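The structure appears below as structure tokens.
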Amino acid sequence: MKNIKKITVIGLGLIGGSMALSLKNTGEYFNITGFDIEGEAMNIAKYRNVIDIIARDYKEAVTDADLIIIATPISKIVEVAEHIKDYLKKGAIVTDVGSAKEKIVQKISKILPEGVFFIGGHPMAGSENEGILSATPELFRNTFYILTPTDITVSEPLVILHSLFTKIGAKVISMNPREHDENVALISHLPHILSTNLVDMIDDEQKKMKNLFKLCAGGFRDMTRIAAANTKMWLDISLENKDVLIKSVDNYIKYLKKFKIYLKQCDSESIKNHYLKAQKARVNLPKYVEKDISNLYELRVSMTDRAGVLSEITQAISSVGINIEDISIFHSTEFSGGGILKVLVQGEDAGKIAKEAIEKKDHKVSVKKVFGE
């Protein structure tokens, strides 16, 4: 991988350990240094060949590193950035794995020195198991990995991260930090709150109805499985994304109140329509489809040399629901003042939709099938 040879992972839990293992599984040669405030985690990681080198402190961990991945609890990410900022070499790329992004991106962008590039990241992967002993190189395969560039993000580091995380099997998409937080509040953070509050309510009720927990069957168990997740992690997430999460809770309450009115009015038609709409939406949730390289389409975008342009293009593609299979930049005599951005997407329709989205941002773009008929 161009410019990326020495990688440091700070925080050797499930995500950090799995990241190191996944990188080793790419077939690329990376020298991976690990650092964790828990010495035992580092020793286990070294013993299991998750990492190559144990660092004694932050300075040793990041000095001369090409890429630093901060995989600590979300409440510690900015603190780690403060610890490492004075030891980062020019050109280093820093990313994180936190599941809330806007505040973290704003704070770290102000902390890191000029010439160091920070791009927020969030792998939407996890497990009920925790710690380095649960780390697996398959954790990110076929999961979404969200990168959160901003208007000032430089193109090359974003391309490098996109390519790197694609190599570990993730489906990488880009969106701005605010949009990320709004999305995950609805489809990740809110479900956890609903799950924990339902368990809390049933736990209180079972003090009066002694057989209640005994009767909890599949539906209850399926909906509340995530309530057993790491309490400290979810406390950090809830507080970090609280502003957006409060809006999501308020919105959900509106839906509950509307349904309550249907019940009070014995409005069977509205109740039936509600169930049918939800059923249809659930059945139509996107499913992972194995990549078909014979159906890849290539978009070539004339790209000016300015900060934020790659972020603008990738976000335009992601905003219309298209996944980028691969991305690269090269200089060409065909276009002066910048370069050519090559983007691969799956399917002819995806190529057309992505092309239209990019053109709306006033970029010249062509599309063709990678493998001819």
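Can you name the residue in segment 92-107 that is at pLDDT 95 or above and among the hydrophobic types (A, V, I, L, M, F, W, C) and, of all such residues, is farthest from ILE77 (Cα to Cα)? Here the answer is ALA92.
Got at least one residue in segment 304-316 being modelled with pLDDT of 85 or more, among the charged types (D, E, K, R) and surrounded by fewer than 18 Cβ atoms within 10 Å (Cβ to Cβ)? For segment 304-316, residues modelled with pLDDT of 85 or more, among the charged types (D, E, K, R) and surrounded by fewer than 18 Cβ atoms within 10 Å (Cβ to Cβ): absent. Taken across segment 76-88, residues that are under 23 Å from ALA125 (Cα atoms) and surrounded by fewer than 22 Cβ atoms within 10 Å (Cβ to Cβ) do occur, with at least one present.
Among the residues here, GLY115 does not qualify as buried (at least 23 other Cβ atoms within 10 Å of the Cβ) and either in contact with a Leu (Cβ under 6 Å, 6 or more places away or on another chain) or part of a loop (DSSP other than H, G, I, E, B) (or both).
Looking at segment 17-68 only, could you name the residues that are among the β-branched types (Val, Ile, Thr) and touching a residue at least 40 places away in the same chain (Cβ under 8 Å)?
Within segment 17-68, THR26, ILE44, VAL50, ILE51, VAL62, ILE68 qualify.
Applying a threshold of 9 Å to beta carbon distances and a minimum spacing of six or more residues, or different chains, the list of pairs starting in segment 220-235 at a residue that is charged (D, E, K, R) and ending at one that is in a helix (DSSP H, G or I) and crowded, with 17+ Cβ neighbours inside 10 Å reads ARG225/SER195.
In the condition set (1) surrounded by fewer than 17 Cβ atoms within 10 Å (Cβ to Cβ); (2) within 21 Å of GLN315 (Cα to Cα); (3) not β-branched (Val, Ile, Thr), GLY121 is compliant with all but (1).
One line per residue, one yes/no per condition, for (1) surrounded by fewer than 17 Cβ atoms within 10 Å (Cβ to Cβ); (2) modelled with pLDDT of 90 or more:
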residue: LEU147; (1), (2): no, yes
residue: HIS162; (1), (2): no, yes
residue: PHE165; (1), (2): no, yes
residue: VAL184; (1), (2): no, yes
residue: ILE193; (1), (2): no, yes
residue: LEU198; (1), (2): yes, yes
residue: GLU205; (1), (2): yes, no
residue: LYS208; (1), (2): yes, no
residue: ASN211; (1), (2): yes, no
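Screening LEU133 on (1) outside the structural domain of ALA217 (by TED's automatic domain parsing); (2) modelled with pLDDT under 90; (3) assigned to a helix (DSSP H, G or I) shows it passes everything except condition (2).
When residues in segment 236-288 are screened for being touching a residue at least 12 places away in the same chain (Cβ under 8 Å) and loosely packed, with under 12 Cβ neighbours inside 10 Å, 1 of them pass.
Need the failing condition index for LYS368 against (1) at pLDDT 80 or above; (2) surrounded by fewer than 20 Cβ atoms within 10 Å (Cβ to Cβ); (3) under 23 Å from MET175 (Cβ atoms), just the number. Evaluating LYS368 over (1) at pLDDT 80 or above; (2) surrounded by fewer than 20 Cβ atoms within 10 Å (Cβ to Cβ); (3) under 23 Å from MET175 (Cβ atoms) leaves (3) as the failure. Out of all the residues in segment 50-59, is one or more of a type in the set (A, V, I, L, M), within 23 Å of GLU156 (Cβ to Cβ) and at pLDDT 95 or above? Within segment 50-59 (the criterion being of a type in the set (A, V, I, L, M), within 23 Å of GLU156 (Cβ to Cβ) and at pLDDT 95 or above), the answer is no, since none of the residues qualifies. If I filter segment 152-164 for residues that are touching a strand residue (DSSP E or B) at 6+ places or on another chain (Cβ under 8 Å) and within 21 Å of ALA229 (Cα to Cα), do I get at least one hit? For segment 152-164, residues touching a strand residue (DSSP E or B) at 6+ places or on another chain (Cβ under 8 Å) and within 21 Å of ALA229 (Cα to Cα): absent.
The values are calculated or read from the model by the stated rules, or taken from the named source; none is laboratory data. These numbers come from a predicted model, not from an experiment. Every residue, glycine as well, gets a Cβ built from its backbone with ideal geometry; the counts of neighbours run over all protein chains shown.
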